[in-house]
Amino acid sequence: MNDSKKTSLYARHVSLDGNMVSFGGYLMPIYYTSIIQEHNSVRNNAGLFDVSHMGEFHLSGPDSESFLQKMTVNDVGQLYEGRAQYSAMCYDSGGIVDDLLIYKKENGYMLVVNATNRKKDYQWLYSNLGKNVHLEDHSDEMSLVAIQGPKSRNILQRIASSDLSDLAFYHFIEYDRIAGTTAMIARTGYTGELGYEIYAKTNSIVLIWDALMDLGEKDGLVPAGLGCRDTLRMEMKYVLYGNDIDENTSPVEAGLSWIIKEDKGDFIGREAIIEKMGNPDRKLVCFRMKELAIPRRGFVILKNDNEIGIVTSGTMSPSLEKGIGMGYVTLPHHTPGTEIMVNIRGQNKSAIIAEPPLYKNGTATN
């Protein structure tokens with residue numbers, strides 16, 4: 001932990017008794033009060049996350065769009081200024097380099113990548129860079145907080161100058177006056193609830209955090225750690241790099257075919273991905289336990305005493321009050337309704353594969 005960096009909000013986390021751990025090269029709060037309490041606050045009211053450990057790259061130049069078309073699986077040509085897109089970068093093998101967000105800005109593109117992949121992603125992009133494309137890593141000069149929950153709009157609107165009711169899902173406002181400083185507000189998120197990501201200069205993010213915490217208190221806003229971020233995303237079947245996807249995973253297997261636009265033209269990994277579309281041998285599924293048991297990463301999934309897969313993420317769901325998980329299973333065992341067993345510390349416990357999301361009442365698109 002001594003080698004870990006501190007975000008600009010580190011002092012705030014300590015003052016709030018945040019349980020700090022090293023994650024993605026930064027000291028980050030796993031929880032302040034409890035994972036369950038913070039999880040429920042996000043589902044019912046609102047939670048405020050420090051996600052400044054994420055990486056931000058800026059891409060510009062006359063060939064930046066064609067470069068991103070080659071590097072990512074989604075169709076960047078569908079973006080216009082003020083719109084965001086979820087996508088992934090793949091190797092020639094079809095394995096995933098990283099999943100990421102792409103924002104079409106006034107003077108180029110901003111790419112938001114996973115903290116643990118920041119150096120790898122930058123090197124991958126740089127190694128494929130063309131002459132008319134400029135790549136910069138802005139991660140150290142930019143910070144990011146996320147306010148998530150059904151009351152997030154009402155809270156954020158009190159300090160934002162723009163009308164947030166006009167901001168559609170996966171769109172953003174590049175320049176907004178918020179808490180006396182300039183910030184970018186994006187309507188995205190990783191929880192399944194209505195929410196906003198706020199990007200600002202590192203020296204301004206504390207002002208935004210303090211203003212939100214002060215004005216959001218009456219609406220039940222609480223600081224939220226990475227622990228409940230994990231339980232929230234599992235209830236929605238949102239993948240986490242390093243757990244559910246990695247360089248040995250095809251986006252087809254991971255259930256990300258909806259972001260693959262094979263008709264847009266050539267891109268790195270296209271041939272391998274198309275081949276996998278026609279012949280996947282496993283699929284990422286979500287499941288819920290039928291017995292009182294908590295699945296964890298690495299546990300074996302069985303059908304009729306035969307091993308058919310492995311758990312990649314698992315937890316006790318605060319919303320459903322039962323064990324849930326995600327994992328890869330061989331076909332044809334991926335169909336919702338399929339009865340399975342999960343080997344939990346030597347004992348086989350019954351579970352059922354379920355249609356995602358497991359939590360059905362999210363407000364993300366409201």
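The values are calculated or read from the model by the stated rules, or taken from the named source; none is laboratory data. Just so you know, these numbers come straight off a predicted model, no measurement behind them. Counting neighbours? That spans all protein chains shown, and the Cβs are built from the backbone with ideal geometry, glycine included.
Summary table
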| read-out | value |
| --- | --- |
| Test result for Leu212, surrounded by fewer than 24 Cβ atoms within 10 Å (Cβ to Cβ) and not aromatic (Phe, Trp, Tyr) | no |
| Wholly within region 60-171, helices (runs of 4 or more DSSP H) carrying at least 2 residues that are closer than 30 Å to Lys218 by Cβ | 152-157 |
| Test set (1) without any contact (Cβ under 8 Å) to a residue 40 or more places away in the chain; (2) in a helix (DSSP H, G or I) - Lys276 fails condition number | (1) |
| Flag for Gly269 being of a type in the set (Gly, Ala, Ser), in contact with a Cys (Cβ under 7 Å, 6 or more places away or on another chain), in contact (Cβ under 8 Å) with a residue 60 or more places away in the chain and more than 27 Å from Glu38 (Cα to Cα) | yes |
| Of all residues making up region 234-270, the number that are within 16 Å of Val97 (Cα to Cα) and acidic (Asp, Glu) | 4 |
| The lone exception for Ser64 - which of (1) in the same structural domain as Trp209 (by TED's automatic domain parsing); (2) over 30 Å from Tyr359 (Cβ atoms) it fails | (1) |
| Every residue from region 1-21 that is at pLDDT 95 or above, of a type in the set (Ser, Thr, Tyr) and closer than 17 Å to Ser139 by Cβ | Thr7, Ser8, Tyr10 |
| Qualifying positions in region 164-177 - closer than 11 Å to Tyr199 by Cα and surrounded by 15 or more Cβ atoms within 10 Å (Cβ to Cβ) | Phe172, Ile173, Glu174, Asp176 |
| Test for Thr335: is it of a type in the set (Val, Ile, Thr), touching a residue at least 12 places away in the same chain (Cβ under 8 Å), within 30 Å of Ala186 (Cβ to Cβ) and part of a loop (DSSP other than H, G, I, E, B) | no |
| Tabulated pairs, region 199-228, first touching a residue at least 12 places away in the same chain (Cβ under 8 Å), second part of a loop (DSSP other than H, G, I, E, B) and of a type in the set (Lys, Arg), C-beta under 6 angstrom, 6+ apart or interchain | Leu215/Arg158; Asp219/Lys151 |
| Scope region 344-366; condition polar (S, T, N, Q) and surrounded by 17 or more Cβ atoms within 10 Å (Cβ to Cβ); matching residues | Thr363 |
| Single residue of Leu125, Leu135, Leu156 found to be more than 27 Å from Ala254 (Cα to Cα) and either buried (at least 21 other Cβ atoms within 10 Å of the Cβ) or of a type in the set (Asp, Glu) (or both) | Leu156 |
| Those residues of region 22-40 which are in contact (Cβ under 8 Å) with a residue 60 or more places away in the chain and outside any loop (DSSP other than H, G, I, E, B), in sequence order | Phe23, Tyr26, Met28, Pro29, Ile30, Tyr31, Ile35, Ile36, Gln37, Glu38, His39, Asn40 |
| Test: residue in region 307-323 that is in a loop (DSSP other than H, G, I, E, B), in contact with a strand residue (DSSP E or B) (Cβ under 8 Å, 6 or more places away or on another chain) and among the acidic types (Asp, Glu) | no |
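Every residue, every condition in (1) outside the structural domain of His13 (by TED's automatic domain parsing); (2) touching a residue at least 60 places away in the same chain (Cβ under 8 Å); (3) more than 19 Å from the chain's Cα centre (by Cα), yes or no:
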residue	(1), (2), (3)
Ser87	yes, yes, no
Tyr91	yes, yes, yes
Val97	yes, yes, no
Lys104	yes, no, no
Leu111	yes, no, no
Thr116	yes, yes, no
Asn128	yes, yes, yes
Ser152	no, yes, no
Ile159	no, no, yes
